[in-house]
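A.B. asks: Pasting in a structure now, in structure tokens, and then I'll have a few things to ask.
The values are calculated or read from the model by the stated rules, or taken from the named source; none is laboratory data. Source: prediction; values computed, not measured. Here the Cβ positions follow ideal geometry from the backbone for every residue, glycine too, while neighbour counts run over all protein chains shown.
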Amino acid sequence: MDHFHYLDDRIYCEEVALDQIAEAVGTPFFCYSEKTLCHHLSVFQQAFAKTAHLICYSVKANSNLAVLDVLARNGAGFDIVSGGELERVRRVGCPGNKIVFSGVGKTREEIRQALDHGVLMFNVESRSELYRIDTLAGESGVKAPVALRINPDVDPKTHPHISTGLKRNKFGIPYHNALDLYRDARRLPHIQLVGLDCHIGSQLTILSPFVDALKRVLTLVSTLKREGIDLQYLDLGGGLGIPYDQSHAPPLPDHYASALLKELEGFDLTLILEPGRVIAGNAGVLVTRVEYIKDNEDKRFVITDAGMNDLMRPALYDAYHGIQPVVRRFGREEEMVDVVGPICESGDFFARDRLLPAFAEGELLAIRSAGAYGFVMSGNYNTRPRAAEVMVRGNRYAIIRRRETLDDLLRSESLFDKGQSWPQPDV
């Protein structure tokens with residue numbers, strides 16, 4: 001459920017019309033519904049209420065400080081993958097014991113920062129990383145809480161670019177190596193083994209891959225316990241999909257919870273979940289304006305002022321996003337079109353061969369399900385300033401990130417003759 005709806009033929013976010021916001025802030029812009037964010041988090045929390053758990057929202061899905069603040073105030077912890085994300089959650093007041101640090105390439109400085117903040121645990125992805133954390137924890141005079149991320153070699157049946165649980169993926173420790181690495185970790189003086197982590201992919205629309213992966217890692221948990229390695233936490237990551245279109249109906253959080261909790265009977269573990277997309281995805285839209293309608297023989301293009309630099313998912317994954325007119329007009333004909341942006345790339349599109357209402361130049365479009373992996377993946381290709389971000393609370397809205405300017409983009413650059421002088425290399 002989300003709080004974007006037509007009222008008097010205009011799309012509202014909660015109680016504010018999107019065309020009203022567009023008039024005030026310009027286009028393109030991302031618009032988020034605070035009520036939807038809170039509802040989605042609450043549904044996830046309630047689904048796992050019968051077991052000890054911690055919901056750690058995946059910051060990479062949408063890392064705006066206002067979004068993180070809303071979720072933190074409603075009880076969420078956070079899953080981070082960089083020192084920058086650690087700083088974001090620190091700034092919204094999240095204590096270290098509600099933060100898990102994931103990611104395959106943690107730097108020394110990032111590890112030091114996380115140790116200083118007292119994170120709940122590091123999800124360790126390799127032997128080299130484990131030894132690095134042990135060394136840095138020793139230098140800091142502490143023990144580092146660690147979970148090993150296990151790659152169970154389970155096919156998540158999702159897009160290959162967002163699959164993470166197969167042995168060909170870069171993530172995690174191969175299942176058949178896990179026991180030996182836990183044994184090694186137990187011997188390291190500055191490592192405290194507290195958990196096991198497993199995340200198999202993103203935008204999963206069936207439950208069986210989750211269950212298959214869980215069964216494999218629970219076998220490992222039992223083996224570890226027999227060897228005297230008694231874990232406290234089981235981190236099952238995120239990955240639950242959302243309905244980008246009406247043809248797919250991913251499992252609801254309560255069905256997801258029921259399937260997992262059935263397998264977990266008899267295990268005394270605190271469950272950690274890392275939902276991202278399922279909380280933020282349908283809590284946001286990208287609003288853009290039609291600049292041109294262009295006909296190339298038998299092909300019609302709707303050209304918008306937003307481009308692939310604003311919303312990368314269609315170009316990167318051939319991902320589907322629903323597209324609707326912000327102001328609805330009944331009786332207009334539908335036509336087969338490509339909705340594209342202004343970027344000088346053939347991959348710059350939001351929809352291809354899509355049957356949509358006949359749009360007019362100057363009209364506003366809402367690109368749905370843009371609350372996750374939208375702004376966070378945006379960039380400045382073609383020297384385009386990034387879009388504004390807006391959050392709605394009831395009948396009020398606020399700009400939570402102002403639109404970038406060209407001065408913002410160029411401020412850190414300098415001409416060679418005006419840059420810092422460096423000594424000439426020896427020849």
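A.B. asks: Can you find a residue in the stretch 192-202 that is in contact (Cβ under 8 Å) with a residue 24 or more places away in the chain, over 21 Å from ILE55 (Cβ atoms) and either crowded, with 17+ Cβ neighbours inside 10 Å or in contact with an Asp or Glu (Cβ under 8 Å, 6 or more places away or on another chain) (or both)?
C.D. replies: Of all residues in the stretch 192-202, those in contact (Cβ under 8 Å) with a residue 24 or more places away in the chain come to 192-202.
Checking the rest, the ones that are also over 21 Å from ILE55 (Cβ atoms) come to 192-193.
Filter once more, so that each one left must be either crowded, with 17+ Cβ neighbours inside 10 Å or in contact with an Asp or Glu (Cβ under 8 Å, 6 or more places away or on another chain) (or both): 193.
Among the residues of the stretch 192-202, at least one is in contact (Cβ under 8 Å) with a residue 24 or more places away in the chain, over 21 Å from ILE55 (Cβ atoms) and either crowded, with 17+ Cβ neighbours inside 10 Å or in contact with an Asp or Glu (Cβ under 8 Å, 6 or more places away or on another chain) (or both), which makes the answer yes.
A.B. asks: Among the candidates SER369, SER346, SER412, single out the residue that is hydroxyl-bearing (Ser, Thr, Tyr), under 30 Å from GLY241 (Cβ atoms) and modelled with pLDDT under 95. Steps first, answer last, please.
C.D. replies: Numbers: SER369 fails: modelled with pLDDT under 95; SER412 fails: under 30 Å from GLY241 (Cβ atoms).
Every option except SER346 fails the conditions.
A.B. asks: Any idea which of (1) exposed (fewer than 15 other Cβ atoms within 10 Å of the Cβ); (2) free of Cβ contacts under 8 Å to residues at least 60 places away in the same chain is the one ASP254 doesn't satisfy?
C.D. replies: (2)
A.B. asks: Next question, about the same structure. Condition first: under 21 Å from the mean Cα position of the chain (by Cα) and farther than 27 Å from GLY172 by Cα. Can you find one or more residues in the stretch 255-269 that meet it?
C.D. replies: no
A.B. asks: Same structure again: Test ARG332 against the criterion of being at pLDDT below 95, surrounded by fewer than 19 Cβ atoms within 10 Å (Cβ to Cβ) and closer than 19 Å to THR288 by Cβ, and give yes or no.
C.D. replies: Against the criterion (at pLDDT below 95, surrounded by fewer than 19 Cβ atoms within 10 Å (Cβ to Cβ) and closer than 19 Å to THR288 by Cβ), ARG332 qualifies.
A.B. asks: Here's another thing I want to ask about it. Inside the stretch 42-69, can you point out the residues that are without any contact (Cβ under 8 Å) to a residue 60 or more places away in the chain and hydrophobic (A, V, I, L, M, F, W, C)? I'd like the intermediate steps shown before the answer.
C.D. replies: Start the filter on the stretch 42-69 by keeping residues that are without any contact (Cβ under 8 Å) to a residue 60 or more places away in the chain, which leaves 42, 45, 49, 68-69.
Within the stretch 42-69, ALA49, LEU68 qualify.
A.B. asks: Pick out, from the stretch 1-97, the helices (runs of 4 or more DSSP H) lying fully within it that include 1 or more residues that are at pLDDT below 95.
C.D. replies: 34-47
A.B. asks: Taking the stretch 369-383 as the search range and keeping residues that are out of contact with any Pro (no Cβ under 8 Å at 6 or more places or on another chain) and surrounded by fewer than 22 Cβ atoms within 10 Å (Cβ to Cβ), which one is nearest to VAL70 (Cα to Cα)?
C.D. replies: Filtering first and then ranking leaves VAL376.
A.B. asks: In the stretch 39-54, how many are surrounded by 19 or more Cβ atoms within 10 Å (Cβ to Cβ) and not aromatic (Phe, Trp, Tyr)?
C.D. replies: Count: 5.
A.B. asks: Same structure, new question: For the stretch 119-143, how many residues meet the condition of being of a type outside the set (A, V, I, L, M), part of a loop (DSSP other than H, G, I, E, B) and surrounded by 21 or more Cβ atoms within 10 Å (Cβ to Cβ)?
C.D. replies: 1
A.B. asks: If I ask for residues that are buried (at least 16 other Cβ atoms within 10 Å of the Cβ) and not β-branched (Val, Ile, Thr), which ones from the stretch 20-34 would you list?
C.D. replies: ALA22, PRO28, PHE29, PHE30, CYS31, TYR32, SER33, GLU34
A.B. asks: Sticking with this one: What about ASP116, is it crowded, with 17+ Cβ neighbours inside 10 Å and in the same structural domain as VAL194 (by TED's automatic domain parsing)? Give the derivation first.
C.D. replies: Values: crowded, with 17+ Cβ neighbours inside 10 Å: no; in the same structural domain as VAL194 (by TED's automatic domain parsing): yes.
The answer is no for ASP116.
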